[in-house]
1. Rounded, prolate or oblate: which fits the range 28-90 when a ≥ b ≥ c are the square roots of the eigenvalues of the alpha-carbon gyration tensor, with rounded for a/c under 1.5 and prolate only if a/b beats b/c?
2. Assuming R0 = 22 Å, can you tell me the calculated FRET efficiency for the pair residue 429 and residue 408, based on Cβ-Cβ distance, to the nearest 0.05?
3. Measure off 7 Å from each Cα along the Cα-to-Cβ vector at residue 422 and residue 202, then give the distance between these two points in nanometres to one decimal.
4. Taking only C-alpha pairs under 8 Å that are 6+ residues apart, what is the relative contact order of the range 2-335 in percent?
5. Could you tally the net charge around residue 46, taking each other residue with its Cβ under 14 Å from the Cβ of residue 46, Lys/Arg +1 and Asp/Glu -1?
6. Given H placed on each backbone N at 1.01 Å, which residues far from residue 317 in sequence or on other chains put an amide H within less than 5 Å of it?
7. Taking a ≥ b ≥ c as the square roots of the eigenvalues of the Cα gyration tensor of the range 2-335, is the shape rounded (a/c under 1.5), prolate (a/b larger than b/c) or oblate?
8. What distance in nm lies between label points placed 7 Å from Cα along the C-beta direction at residue 294 and residue 48?
Amino acid sequence: MFWSSIRESAFWLHDFRHRRRASKWTREQLEHDHSQRFRKLIQFAARKSPYYEELLATHGLSPDTVTLDQIPPLSKQALIANFDRIVTDPAITTDRVREFLAQEPDPSRLLDSKYYVIRTSGTSGVPAYTVFSVREWIRGCSLQVRYLPGLQWRRRLAFIGAMGDHYAGISLTLTGGRGINRLFNDCRAFNHHLPVDELVEELNRFQPHVLTAYANLHPSIMQQAIRGRLKIQPRLIVSSGEPLRPELRTRLRDTYRTTVVDLYCASETLLVGSGVSDEGLMLHEDDTAIEISNDHWLATNLFNRTVPLIRYRVNDVIEQTEAPASSPTSPFRWIKAIAGRNELPFELVNNDGDLEPISQMIVLYLPIPPVQGLQLVIYDAQHIEFRVVISDQQLPFQRESKLRDVRRAIQEWLVGKRLDKNVRFEVKAVDQLEIDPQNGKAKLIIRRSSEKCRIRAA
């Protein structure tokens, strides 16, 4: 354990130095580095990954001469269908990953003591998985140096979000408390399903220096600070998971009187970009080759050889923009706001009769039995409907059993949030979810307008 901590510390220091060097490169130097590393990646994948070996052979391409744009894009569906053939370690299979996730809900635990396993939320259907070795994970995580303040003894970092599974957000947070990092960071995660009063009590006790939460969780937390119930003085606010609206950034900055960072992450590449103003986000292109199209972008992860993702399609709409005049000179491009999931939070009537803000992210991370898709329909602040997609391969009695389990889990969630007395809910099985035409993803929330509706934007 001691020597592994020392080795990991050396990795962190090496990668922090790389971040500083890369920030001073020219664009030409960055692209040259990408070209060299792509060559090494595709040569490795051709030897170790049956998928890429077959793909190159099918298209008559050589790993020694192929260019990045000659590789066909990889969709999420193709990743799911070919995962066992894409991975370069034959010991890693879909069945082993699923078994590991079912048996080990703690996101700080490693598969075979050497691999981080990350799963997507699965809002477009079946969840996808990606795997990082410890060395690869540190490489991806080291990008935090771009927005976190310098080293500090026992800096307290709080993450409010989904817990109990291997999602990127919680895994990134807990990494800060691994090995020698414990000397510098005290990292704690707080379940976003906690009632607000309990969450406030926990945060007051912890007194975080850095507060991270999904964008649509921040309004309800901030409201507690405005009312004087939340008594913390964070030195940095980090917003992730969803696009940060300019008006919310302003309110956060004015309330906490500190810097607010908008963080853009992807499970497949980890930290994609960050920004501290409304002028946009700087892409972290050190280790990721990014190709921007009209309705999606392609990511080539240059630091992950365990699961090579070359020209992986991400269905978020991003638009390149000019770097702000105030930003330091760097080789990295800037983008405007992400047209991904940008749905406003909603309010439900709690057991005291008050309106309680609820993040749309609950649809992603509700603690319910696995389903192929989930969507929330809001009729008013006291009436909601959950639509679920259940596998056609299951028998009718199995489907009904699954629906009962979902109903039970939602009821428990309502009780935990103190919403059970005033909120009526239904669970409905559907063949498919309604799709947002803007981004091609299933809508998280559908709002049914009504004169009785008391839902309003936070």
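None of the figures in this text is laboratory data; all of them are computed from the coordinates on show. Treat the numbers as computed from the prediction; the structure is a model and nothing was measured. All Cβ positions, glycine included, derive from the backbone under ideal geometry; neighbour counts span all protein chains shown.
1. Note, shape of the range 28-90 comes out prolate.
2. Step by step, r from the Cβ atoms, then E = 0.90.
3. Here the modelled spin labels are 2.3 nm apart.
4. After rounding, I find 19 percent.
5. Spelling it out: positives minus negatives among the neighbours equals +3.
6. Hits under the 5 Å cutoff: 339, 340.
7. It is prolate, given that a/c is not under 1.5 and a/b is the larger ratio.
8. 3.8 nm
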